[in-house]
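Asks: Below is one structure. I have some questions about it.
The values are calculated or read from the model by the stated rules, or taken from the named source; none is laboratory data. Please read all numbers here as calculations on a predicted model, not as lab measurements. Positions of Cβ are backbone-derived with ideal geometry, glycine not excepted, and every protein chain shown enters the neighbour counts. When the accessible area is computed, the model is the full protein with side chains, heavy atoms only, and any ligands, DNA or RNA have been set aside. Shrake-Rupley method; radii C 1.70, N 1.55, O 1.52, S 1.80 Å.
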Amino acid sequence: MNWWQRLQKNPLARFGAILLLIFYVAVIAADFVAPYDPYASQANGSLLPPTQIYWVSKSSGQFIGPHIYPTTQGNTDLETGDRQLIVDFKKPSPLRLFVSGPEYRLFELIVPLPPNWDEVTIFPGIPLNWHLFGAANDAKLNILGTDEQGRDQFSRLLHGGRISMFIGIVGVVITFPLGLLIGGISGYFGGWTDSIIMRLAEVLMTFPSIYLLVTLGAVLPAGLSSSQRFLLIVLITSVISWAGLARVIRGQVLSIKEREFVQAARAMGGNPLYIIIRHVLPQTATYVIISATLAVPSFIGSEAILSLIGLGIQQPDPSWGNMLSLASNASILVLQPWLIWPPAVLIILTVLAFNLLGDGLRDALDPRSLRR
């Protein structure tokens, strides 16, 4: 039985992989899946609770299928904080799949590029105005309610997931090649090269990562766009994270470099850097794959923490971290819990899914398990 079959037979790993697949498809196609523009405010629609879906008409009492009614904000009780909702039961709006809505560009890709880190359009996207679901008439379907600006919480959750889900992938792409190369050089050459690199790694590892993130996040220049701030957060997190990986890779390379195939390549006059990249580092692939899967949650957590304390992605751009920052307001926790639990649950589920998948990969790729 190969590693892929072992991974498929692990129910927890399979659950984690399916959950991540659903999340990534949803956030990549967020413009299509989300019913509304995440930046658009609804008139008289601030802090609305999740929209109630009806099946029987309130006016005639007949079954007309899933529908909603136009809902707006009414007066607020200053003593209790309860908000009155004004529902127009005379205007039922049926729910439909594939409805027309705000225009967008599907799969549009904009990234900041050097030297000035200005945002550049890599792919202009496909112009569309179809959405996966929505209400046929004027009523708004707010599955998870609206925020204080009257913006649809579900739409913002999907668009914010692009940052929170991909910050880990981009961070691993930057951190792991750096840690692999530095650790490989350190272990292969040894001597003073090994001493200098490992002492530098140990110094970096002594810094408390959370405090260093907060300090570096606080000095980010003002006026940065979300994509620029996203890239800087990834770079900051990557600079902190490579040291631990480099130490582990260095230990593995110390034993791998004494094997016959490495000695043969060295005797044939192979370039040291070529030997490291071509012959030595591929032997660490099993550990690297497992470690990369388990490292993604740490990047997601770092972004959430920075955004939670106001040093990450800034409003009005959504991310799960800055959406969760409302949890610092006790009144919102009590009166508008729908603003807090969706991003919190998604962060927990994403981290859990990556850990389950990483554990499954570890079991599937374990050489002792394969021999058994």
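Asks: Find the all-direction average of the projected area of the Cα convex hull for segment 141-224, expressing the result in square nanometres with one decimal place.
Replies: 8.5
Asks: Still on this structure: Sorted by average packing, counted as other Cβ atoms within 10 angstrom per residue and highest first, what order do 189-198, 315-324, 133-142 take?
Replies: Ranked by mean Cβ neighbours within 10 Å, highest first: 315-324, 133-142, 189-198.
Asks: Here's a follow-up. At q = 0.06, 0.09, 0.10 Å⁻¹, what is the log10 ratio I(q)/I(0) for the chain, with the Debye formula run over Cα points and no solvent?
Replies: Normalising to I(0) and taking log10 leaves -0.32, -0.66, -0.78.
Asks: Calculated from DSSP H runs of 4 or more alone, at -39500 (n - 2.57) each and per residue, what is the 222 nm mean residue ellipticity of the chain, nearest 500?
Replies: -17500 deg cm²/dmol
Asks: Would you mind getting the Kirkwood hydrodynamic radius of segment 108-262 from its Cα pairs, rounded to one decimal in Å?
Replies: Result for segment 108-262 stands at 19.4 Å.
Asks: What does the accessible area per residue of segment 267-372 come to in Å², with a 1.4 Å probe and no ligands, DNA or RNA counted?
Replies: Ligands and nucleic acids excluded, the figure is 47 Å² per residue.
Asks: Under 14 Å from a point placed 7 Å out from the Cα of Gln62 along the Cα-to-Cβ direction: which residues of segment 87-107 have their backbone N that close?
Replies: 92
Asks: Mind checking which lysines have their C-alpha under 28 Å from Lys58, skipping anything on the same chain fewer than 8 residues away?
Replies: The qualifying lysines are Lys90, Lys91, Lys140.
Asks: Compute the FRET efficiency between Glu202 and Ile289 as 1/(1 + (r/R0)^6), taking r as their Cβ-Cβ distance and R0 = 22 Å, and round to the nearest 0.05.
Replies: Rounded to the nearest 0.05, the efficiency is 0.30.
Asks: May I ask you to give the percent of accessible area on segment 15-116 that is carbon plus sulfur, with a probe radius of 1.4 Å?
Replies: So the carbon and sulfur contribution to the accessible surface is 60 percent.
Asks: Using 7 Å Cα-to-Cβ label points, what is the Trp55/Leu97 separation (nm, one decimal)?
Replies: Result: 1.8 nm between the two label points.
Asks: If you take the beta carbon distance between Gln149 and Lys9 as r and set R0 to 45 Å, what does 1/(1 + (r/R0)^6) give as a FRET efficiency, to the nearest 0.05? Walk me through the numbers before you get to the answer.
Replies: Numbers: r = 48 Å, r/R0 = 1.06.
Once rounded, the FRET efficiency stands at 0.40.
Asks: Kindly point out which whole DSSP H helices in the chain project their C-alpha atoms 27 angstrom or further along the helix axis while averaging a Kyte-Doolittle hydropathy of -0.5 or above.
Replies: The qualifying helices are 153-189, 226-256, 285-308, 341-365.
Asks: With label points built 7 Å along Cα→Cβ from the Cα atoms of Ala29 and Leu224, find their separation and express it in nm.
Replies: Roughly 3.3 nm, to one decimal.
Asks: Given the convex hull over the Cα atoms of segment 1-156, what projected area results after averaging over all orientations, in nm²?
Replies: Averaging across all directions leaves 15.8 nm² for the Cα convex hull.
Asks: First check a/c for segment 213-372, with a ≥ b ≥ c the square roots of the eigenvalues of its C-alpha gyration tensor; if it is under 1.5, answer rounded, and if not, answer prolate when a/b is larger than b/c or oblate otherwise.
Replies: Because a/c hits 1.5 or more and a/b fails to exceed b/c, segment 213-372 counts as oblate.
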